[in-house]
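Trainee: I am attaching a structure below and will ask some questions about it afterwards.
Derivation of every value follows stated rules applied to the coordinates shown; laboratory data play no part. Because the structure is a prediction, the values reported are computed rather than measured. All Cβ positions, even for glycine, are placed from backbone atoms using ideal geometry, and neighbour counts span all protein chains on display.
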Amino acid sequence: MRSVEEIKAEIMAEAKKTGYMLNPDEEILDGIIEGIAINENQLGYWSCPCRMASGSRMADFDIICPCEYRDPDLDEYGRCYCALYVNQEYVDAGMPTEPIPERRPESKQNSKTDPEETQKIKDGGKEIKVWRCDVCGYLCARPGPPSICPICRAKKDRFEEFSMK
């Protein structure tokens, strides 16, 4: 089980080596990396914390960080879907908080290895819930809500447990 700090160091080193820019807002950056660390420890891979993982590495291959949608999102919106990666134009524009469209095809969004995984993933008795920001609608899957929304910067208390029922 790797720590958040170890994963953060790896992400930062990889971004520097490949010339990508990470979100300069440390609170947002740490929240996203915490979600990646949770997913690595629960699922065994760096599933994007802003998307619902199926629990199957092959089914989620397109959303393993850095996901295949990162570069098109950076080109078009200046940031990736979860705002881990950003470009200088996005930062210079004041880091706009509008959500960006989901590029992942709906057919992949709904692929599940088990129907009960729609809302939670259990591993070793630890429950992962889906949290929704009531300001911008951002969704993430993790044990508790993030301390700050990476999209609109709303605080933790603006998140509610999300259910598709």
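Trainee: If you add up the charges near K108, with Lys and Arg at +1 and Asp and Glu at -1, over every other residue whose beta carbon is less than 9 angstrom from its beta carbon, what do you get?
Mentor: Values: positive: R104; negative: D60, D62, E106.
It works out to a net charge of -2.
Trainee: With each run of n ≥ 4 DSSP H residues scored as -39500 (n - 2.57), what mean residue ellipticity at 222 nm is computed for the chain after dividing by its residue count and rounding to the nearest 500 deg cm²/dmol?
Mentor: It lands at -9000 deg cm²/dmol.
Trainee: Okay, moving on. Grab the other residues whose beta carbon is less than 11 angstrom from that of L22, score K and R as +1, D and E as -1, and report the net.
Mentor: Residues near L22 contribute -1 overall.
Trainee: Label-point separation (nm) for V91 and K155, each offset 7 Å from Cα along Cα-to-Cβ?
Mentor: Taking the simple label geometry, V91 and K155 are separated by 2.7 nm.
Trainee: What full-extension length gain, to one decimal in nm, is calculated for K108 and L139 as 0.36 nm per residue of separation minus the Cα-Cα distance? It would help to have the intermediate numbers written out before the result.
Mentor: Details: separation 31, 0.36 × 31 = 11.16 nm, distance 1.62 nm.
In short, 9.5 nm is gained.
Trainee: Contact order normalised by length for the chain, with contacts defined as Cα pairs under 8 Å and 6 or more residues apart; what percent is it? Working shown, then result.
Mentor: Numbers: 246 pairs, mean separation 34.7, N = 165.
For the chain, the relative contact order is 21 percent.
Trainee: Once you've got the GNM for the chain with C-alpha springs shorter than 10 Å, pick whichever of A83, A15, A141 has the biggest mean-square fluctuation.
Mentor: Result: A15 has the largest fluctuation of those listed.
Trainee: With the chain treated as a Gaussian network of Cα nodes joined by springs under 10 Å, which of S47, S147, S107 yields the largest mean-square fluctuation?
Mentor: S107
Trainee: Lys and Arg at +1, Asp and Glu at -1: add these up for the other residues within a Cβ distance under 10 Å of C48 and post the number.
Mentor: So the environment of C48 carries a net charge of +1.
Trainee: About the Cα centre of region 4-161, what is the dipole size in debye to 20, counting +1 per Lys and Arg Cβ and -1 per Asp and Glu Cβ, all else neutral?
Mentor: So the magnitude is around 280 debye.
Trainee: Ok, one more. Would you please classify the overall shape of region 2-52 from the alpha carbon gyration tensor, given that a ≥ b ≥ c denote the square roots of the eigenvalues, rounded means a/c under 1.5, and beyond that prolate means a/b larger than b/c while oblate covers the rest?
Mentor: Prolate is the answer for region 2-52, as a/c is 1.5 or above and a/b outweighs b/c.
Trainee: Here's a follow-up. Give the shape of the chain as rounded, prolate or oblate, defined through the alpha-carbon gyration tensor: a ≥ b ≥ c are the square roots of its eigenvalues, a/c under 1.5 means rounded, and otherwise the shape is prolate if a/b is larger than b/c and oblate if not. Walk me through the numbers on the way to the answer.
Mentor: Values: a/c = 1.45, a/b = 1.31, b/c = 1.11.
Judged from the Cα gyration tensor, the chain comes out rounded (a/c under 1.5).
Trainee: Tell me which of Y81, G19, Y138 sits at the most positive position along the dipole axis of region 4-161, charges placed on C-beta atoms (Lys, Arg +1; Asp, Glu -1).
Mentor: Y138
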